[in-house]
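Down below is the structure, laid out as structure tokens.
The values are calculated or read from the model by the stated rules, or taken from the named source; none is laboratory data. The model shown is predicted, which means the values in this text are computed figures rather than measured ones. Heads up, the Cβs are rebuilt from the backbone with ideal geometry, glycines too, and the neighbour counts pull from every protein chain shown.
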Amino acid sequence: MYLKVHRIPGEGEVVAVCDRELMNRTLRHGEVEIRITVVFFGDRLVEEEEAREVLRSAANINLFGRRSFRIACELGLLGEEDCLLIEDVPHAQVYLI
């Protein structure tokens, strides 16, 4: 999967993670298009264990894909009901306060 940590000065971090096969896809939800690109999700492929480590300590997460969503659920960050399906692709955002 692809993973990128966006560091925002004074605001914290946003962890973006998506399943490998989704890179460079455009998903549609109504009139909204979501482009899964290297700009947001990065160009670094990581194994599931590294993704787990990063997600475990993240306070702000944006994810796409079945494997990414499953990992977040296994870590207790999300429940099945927290998933939005976009063209049958799971999507979720996590904000820990």
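Take the residues in segment 19-36 that are assigned to a strand (DSSP E or B) and of a type in the set (A, V, I, L, M); name whichever of them is surrounded by the fewest Cβ atoms within 10 Å (Cβ to Cβ).
Val32
Conditions: (1) closer than 17 Å to Val5 by Cβ; (2) modelled with pLDDT of 95 or more; (3) over 13 Å from the mean Cα position of the chain (by Cα). Glu87 meets all but one. Number of the miss?
(1)
Would you say Ala16 is in contact with a Phe, Trp or Tyr (Cβ under 7 Å, 6 or more places away or on another chain), modelled with pLDDT of 95 or more, surrounded by 13 or more Cβ atoms within 10 Å (Cβ to Cβ) and small (Gly, Ala, Ser)?
Answer is yes for this residue.
So, in segment 49-81, of the ones that are small (Gly, Ala, Ser) and at negative phi, which residue ends up surrounded by the most Cβ atoms within 10 Å (Cβ to Cβ)?
Among those residues, the one meeting the criterion is Ser68.
Looking at this structure, is Ile71 out of contact with any strand residue (DSSP E or B) (no Cβ under 9 Å at 6 or more places or on another chain) and of a type in the set (Val, Ile, Thr)?
For Ile71, the condition - out of contact with any strand residue (DSSP E or B) (no Cβ under 9 Å at 6 or more places or on another chain) and of a type in the set (Val, Ile, Thr) - is not met.
Matching residues to (1) more than 21 Å from Glu80 (Cα to Cα); (2) without any contact (Cβ under 8 Å) to a residue 40 or more places away in the chain; (3) of a type outside the set (Val, Ile, Thr):
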position: Val5; (1), (2), (3): yes, no, no
position: Pro9; (1), (2), (3): yes, yes, yes
position: Glu13; (1), (2), (3): yes, no, yes
position: Asp19; (1), (2), (3): no, no, yes
position: Asn24; (1), (2), (3): yes, yes, yes
position: Glu48; (1), (2), (3): no, no, yes
position: Ala51; (1), (2), (3): no, no, yes
position: Ala59; (1), (2), (3): no, no, yes
position: Phe64; (1), (2), (3): no, no, yes
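Based on this model, can you work out whether Val39 counts as surrounded by 15 or more Cβ atoms within 10 Å (Cβ to Cβ), more than 10 Å from the chain's Cα centre (by Cα) and either in a helix (DSSP H, G or I) or without any contact (Cβ under 8 Å) to a residue 40 or more places away in the chain (or both)? Give the steps one after another, and end with the answer.
Values: surrounded by 15 or more Cβ atoms within 10 Å (Cβ to Cβ): no; more than 10 Å from the chain's Cα centre (by Cα): yes; either in a helix (DSSP H, G or I) or without any contact (Cβ under 8 Å) to a residue 40 or more places away in the chain (or both): yes.
So Val39 fails the test.
Being within 18 Å of Met23 (Cβ to Cβ) and either assigned to a helix (DSSP H, G or I) or of a type outside the set (Asp, Glu) (or both) is the filter here, so list the residues in segment 71-91 that pass it.
Result: Ile71, Ile86, Val89, Pro90, His91.
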